[in-house]
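Below you'll find the structure, written out as structure tokens, and then a few comments.
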Amino acid sequence: MTKSALITGITGQDGSYLAELLLEKGYKVFGLRRRTSTPIMDNIEHIKNEIEFIDGDLLDQGSLVQAVKKSNPDEVYNLAAQSFVATSWDQPGITGQATGVGVTNMLEAVRYIKPEAKFYQASSSEMFGKVMETPQRETTPFYPRSPYGVAKVYGHWITVNYRESFDMYACSGILFNHESPRRGVEFVTRKVTDAVARIKLGLQSELRMGNLDAKRDWGFAGDYVKAMWLMLQQDKPDDYVISTGETHTVEELVQIAFNHAGLNWRDYVVIDPRFVRPAEVDLLLGDCEKAKQNLGWKLEVGFEQLVQMMVDSDLEKLSFEKSKRIV
């Protein structure tokens, strides 16, 4: 019997990799898509004809009810959010609504229409914020340092609450930073690799950065979506930290990216106070032992390979765009 899955945030980085994975496994994939005048489909252009799209919005309860009715899903993956941390200080209200309350709206739609469906919530390492212990694991207390992190804590705990209150199969993946060539350019990893490619091709002269000392646990998004799927294949729902167990500074990220393009980063990087967060998260490092033991999950792409992959992708894309302009 063919399984069906409903993915919110399907046009984003994680949504696109997850859709690919589920299609490969023979799922019927439905994607919740927020109505816009110019839909951004770049990440799923190659598979869009294999996906059935449903218009809806996490802030519109009625549209979510209709989406669950139409898709009749065996599994629901709630990946949609206002997911850019820096923007959450400028738009704390909409971040709280979409990233926090939106989870409740989605859970309510599932509970009302298809309570037996398995539900995945995209939690975040940003919930740990000003970390209470290192490394961070499932039992580490949360201390978020941004409106985004605060909203994610709400989304996380409301998922636990629905699991315990209504006996729903609802679980959260506390994913540490995960990147790919499909990451938006507003995120620091892609900002760096895009700038490196532009500098290499003579399209840009410098890269302005904030805090180079911040440390993150960075992995490959394609590996992390496999963990999402594995969480919903277990007999009982539970929450899992997904991470690499390694930490790297932003400076390391910059150095690897520039080196891969044959450039010295010190010749191009300018520290700009505008890019320093009001409340910085200095160190995130995850302990994913529970996921390895219980899910059998493992990493396949390392940090240096990930950064190089992103630089190569940006060089290829920008070289093609540059050649079109010349022609």
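The values are calculated or read from the model by the stated rules, or taken from the named source; none is laboratory data. The shown structure was predicted, so the numbers you read here are calculated from the model rather than taken from an experiment. We place every Cβ from the backbone using ideal geometry, glycine too, and count neighbours over all the protein chains shown. For accessibility, only protein heavy atoms count, side chains too; no ligands or nucleic acids. Shrake-Rupley method; radii C 1.70, N 1.55, O 1.52, S 1.80 Å.
To the nearest ten degrees, helix 13-24 and the longest principal axis of the Cα atoms of the chain are 60 degrees apart. Using only Cα atoms, find the angle between the long axis of helix 303-326 and the longest principal axis of the chain, and express it within 0 to 90 degrees, rounded to the nearest 10. Approximately 70 degrees, to the nearest ten. The stretch 126-203 and the stretch 18-66 have their alpha-carbon centroids 21 Å apart.
Comparing Asn78, Asn43, Asn161 in a Gaussian network model of the chain where C-alpha atoms under 10 Å apart are linked, the largest mean-square fluctuation is found at Asn161.
Accessible surface of the chain, 1.4 Å probe: 48 percent of it comes from carbon and sulfur atoms. This model, with +1 at the C-beta of Lys and Arg and -1 at the C-beta of Asp and Glu, gives the stretch 204-254 a dipole about its Cα centre of some 140 debye. Here the Gaussian network model covers the chain, with springs between Cα atoms less than 10 Å apart; of Tyr148, Tyr27, Tyr77, Tyr27 fluctuates the most. Quick one: which of Lys25/Lys317; Lys152/Lys298; Lys215/Lys322; Lys48/Lys298; Lys3/Lys226 span more than 22 angstrom between C-alpha atoms? Checking Cα-Cα distances, Lys25/Lys317; Lys152/Lys298; Lys215/Lys322; Lys48/Lys298 exceed 22 Å.
Across the stretch 43-119, C-alpha contacts under 8 Å between residues 6 or more apart give a mean separation that, scaled by the residue count, equals a relative contact order of 41 percent. All other residues whose Cβ lies under 15 angstrom from that of Asp267 are scored, Lys and Arg at +1 and Asp and Glu at -1, for a net of +2. Computed over protein heavy atoms with a 1.4 Å probe, the accessible surface of the chain works out to 45 Å² per residue.
As a size descriptor, the averaged projected area of the C-alpha convex hull of the stretch 33-126 was calculated at 7.0 nm². Computed on the stretch 89-201, with alpha-carbon pairs under 8 angstrom and 6+ residues apart, the relative contact order is 30 percent.
Helix 188-200 axis versus longest C-alpha principal axis of the chain: approximately 40°, rounded to the nearest ten. Over 30 Å, how big is the tail of the calculated P(r) for the chain, in percent of all Cα pairs? Percent of Cα pairs beyond 30 Å in the chain: 34. Here the stretch 165-186 is scanned for amide nitrogen atoms under 13 Å from the site 7 Å beyond the Cα of Gln234 along Cα-to-Cβ, giving 169-174. Normalising the average separation of contacting C-alpha pairs (under 8 angstrom, six or more residues apart) by the number of residues puts the relative contact order of the stretch 216-291 at 48 percent. Computed over the chain, the per-residue total of -39500 (n - 2.57) for DSSP H runs of n ≥ 4 gives a 222 nm mean residue ellipticity of -12500 deg cm²/dmol, rounded to 500.
Amide hydrogen proximity for Phe53: with H placed 1.01 Å from N in the peptide plane, the residues at 5 or more positions away or on another chain lying under 5 Å are Gly31. Close amide H pairs (under 5 Å, H built 1.01 Å from N) link Lys118 with Glu75, Val76, residues at least 5 positions away or on another chain.
Among the trypsin sites (Lys or Arg not before Pro) found in the stretch 21-50, those both in a DSSP coil and sparsely packed, with 13 or fewer other Cβ atoms within 10 Å of their Cβ, are Lys25, Arg35. In this view, the solvent-accessible surface of Tyr268, computed with a 1.4 Å probe and all protein chains in place, comes to about 60 Å².
Rounded to 0.05, the FRET efficiency of the Met132 and Phe275 pair, given R0 = 25 Å and the Cβ-Cβ distance, is 0.40. For the stretch 105-195, the list of GluC sites (Glu not before Pro) that fall in a loop by DSSP and count at most 14 other C-beta atoms within 10 angstrom reads Glu116, Glu133, Glu186.
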